[in-house]
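Computed from the coordinates by the stated procedures, all read-outs in this text should not be read as laboratory data. Here the structure is a predicted model, which means the values were calculated and not measured. Glycine gets a Cβ as well: all are built from the backbone with ideal geometry, and neighbour counts include every protein chain shown.
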Amino acid sequence: MKISVEANRNKFEFDMCNPDKVAIDSICRIIRAQAPHQFTHWDVYLQEPGLMKINVIKAIRTITHLGLKEAKEMAETPNALLAKRVDEKQAEVWRNELEAACNAKLRFEGVK
């Protein structure tokens, strides 16, 4: 039986009948290093504001407590940083709120 594992844009194949212990250990280490559950906090970026700009601005004001001018500038700035070091639950709430309000797309970068 052959197994394929993809990590760091590389594809590794190995035979389970004759496994290479070193290869399996290194693949597992790479996969664990990339696991999303490793991060406890996230930086949240507004990647695409969506179609209805006014709804984006309202949602940004609600979740960040910014004024109208700052929220408007953030909505107009490509890849604007909404917040730093947000916990996972809060990031999911924000994602759901922005996607529901205006079909906006967020990007999350994990922070250790």
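Per 0.36 nm of contour for each residue apart, how much would the distance between residue 54 and residue 73 grow if the chain were fully extended, relative to their Cα-Cα spacing?
So the extension gain works out to 5.6 nm.
Other residues lying with their Cβ under 12 Å from the Cβ of residue 71 contribute a combined charge of +2, Lys and Arg counting +1, Asp and Glu -1. Using bins of 10 Å that start at zero, the share of Cα-Cα pairs per bin across the stretch 41-111 amounts to 24, 60, 16, 0, in whole %.
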